[in-house]
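Step one of this worksheet: look at the structure below.
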Amino acid sequence: MASTRQLKSRIRSVGNTRQITKAMEVVAASKMRRAQDADKAAASYTEAASELLSYFASQGITQKHSLFKVKHVHRRLLIVVASDRGLAGAYNNNIFKQYVQELKNDHAAGDKTPSVAFGRKAAQFVTRLREAELAGVYENVSDQLDGGELQAVLAMAVEKFEADEIEAVDIIYTKFISSIAQQVEVKRILPAGFTEVEVAEDLNEAVYEPNPKKVLDAVVYRLVEAQLYQTLLDAKASEHSMRMMAMKNASDNADELVDDLTLAMNKARQGAITQELAEISGGVEAMND
């Protein structure tokens with residue numbers, strides 16, 4: 001059994017660790033609330049964008065538009081959205097598991113899969129895979145997305161898509177459902193309107209001036225951009241939520257460990273006192289004899 005001094009040292013060490021994890025939990029909770037607010041604020045616009053893309057795709061006016069062209073996929077661009085830092089529970093591992101599965105599926109079909117990594121952890125993981133082709137890296141992406149990285153990756157994806165260098169663009173990200181529920185999803189943003197969503201009835205009665213084709217040419221890029229932007233907001237909210245829960249679990253485990261160590265220390269102290277009393281009693285008896 002460890003000595004009382006050793007147990008005191010371990011209790012102090014675990015207590016210091018708990019202070020760190022508790023502070024990180026508070027910081028993650030604050031970031032999560034801001035990311036969640038930003039995610040909710042953009043959701044209505046993104047839903048409307050998805051409805052418009054689905055509506056245009058169903059009207060037969062997109063057949064000659066380059067961003068709506070459905071092609072047989074032999075080479076698709078995968079955008080992998082992970083984090084720059086760890087300590088976020090299974091956030092990154094869940095993304096990487098889905099990414100590896102997508103690579104296996106493409107490899108089995110004989111397809112090529114160039115990848116764009118969002119986040120340092122994603123870049124490190126992709127570069128370690130022999131079968132992965134890294135086409136771009138974006139690290140230290142701020143929670144307040146300023147559009148720089150967004151515009152760069154979308155411009156590259158659109159350029160490659162229009163040049164027939166790729167036939168599809170998919171994003172692997174973590175969809176934010178609630179503070180305790182997140183889900184990894186693969187979302188296709190090119191060709192535009194590929195993922196059909198339910199269109200509101202009043203949208204069918206809308207009047208497009210001067211005509212739907214000109215409206216389409218003017219807004220399709222922005223609508224695809226809105227979908228990409230929403231996935232990044234979802235990913236940020238999910239990351240901070242999972243980090244908050246991971247740090248909360250670490251703090252709770254530290255509390256339990258301190259209680260266990262304190263109990264062990266009290267038992268050790270009680271055992272030492274009992275032993276001293278026994279030695280004193282034995283000495284007194286020896287003197288009486």
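The values are calculated or read from the model by the stated rules, or taken from the named source; none is laboratory data. A quick note: this is a predicted structure, and the numbers were derived from the prediction, not measured. Every residue, glycine as well, gets a Cβ built from its backbone with ideal geometry; the counts of neighbours run over all protein chains shown.
Determine, yes or no, whether A123 is in contact with a Phe, Trp or Tyr (Cβ under 9 Å, 6 or more places away or on another chain) and free of Cβ contacts under 8 Å to residues at least 24 places away in the same chain.
Considered against the rule, which asks whether it is in contact with a Phe, Trp or Tyr (Cβ under 9 Å, 6 or more places away or on another chain) and free of Cβ contacts under 8 Å to residues at least 24 places away in the same chain, A123 comes out as yes.
Only one residue in D143, D164 is out of contact with any Ser or Thr (no Cβ under 8 Å at 6 or more places or on another chain), at pLDDT below 85, part of a loop (DSSP other than H, G, I, E, B) and not hydroxyl-bearing (S, T, Y). Which one?
D143
Please go through (1) buried (at least 17 other Cβ atoms within 10 Å of the Cβ); (2) over 21 Å from Q227 (Cα atoms) for Y55 and return the number of the only condition it doesn't satisfy.
All conditions are met except number (2).
I'm checking my understanding of the structure. Among residues of the range 88-103 that are closer than 15 Å to V116 by Cα and over 13 Å from the mean Cα position of the chain (by Cα), which one is surrounded by the most Cβ atoms within 10 Å (Cβ to Cβ)?
Result: L103.
Out of all the residues in the range 91-120, which are among the hydroxyl-bearing types (S, T, Y) and touching a residue at least 60 places away in the same chain (Cβ under 8 Å)?
Listed by number, the residues that qualify are Y91, Y99.
Taking A226 as the residue in question, decide whether it is closer than 18 Å to E47 by Cα and either under 24 Å from the mean Cα position of the chain (by Cα) or in a helix (DSSP H, G or I) (or both).
When the stated conditions are applied, A226 passes them.
Any residue at all in the range 182-193 that is surrounded by 14 or more Cβ atoms within 10 Å (Cβ to Cβ) and closer than 13 Å to F118 by Cβ?
no
Are any of the residues in the range 77-84 within 22 Å of M156 (Cβ to Cβ), in contact (Cβ under 8 Å) with a residue 12 or more places away in the chain and of a type outside the set (A, V, I, L, M, F, W, C)?
Looking through the range 77-84, at least one residue is within 22 Å of M156 (Cβ to Cβ), in contact (Cβ under 8 Å) with a residue 12 or more places away in the chain and of a type outside the set (A, V, I, L, M, F, W, C).
Go through the range 73-132 and count every residue that is touching a helix residue (DSSP H, G or I) at 6+ places or on another chain (Cβ under 7 Å), polar (S, T, N, Q) and in a helix (DSSP H, G or I).
Count: 1.
Within the range 120-139, which residues are within 21 Å of A226 (Cα to Cα) and either of a type in the set (A, V, I, L, M, F, W, C) or in contact with a Lys or Arg (Cβ under 8 Å, 6 or more places away or on another chain) (or both)?
Within the range 120-139, V137, E139 meet the criteria.
Within the bounds of the range 79-87, is there any residue that is of a type in the set (K, R) and either more than 26 Å from S238 (Cβ to Cβ) or buried (at least 17 other Cβ atoms within 10 Å of the Cβ) (or both)?
no
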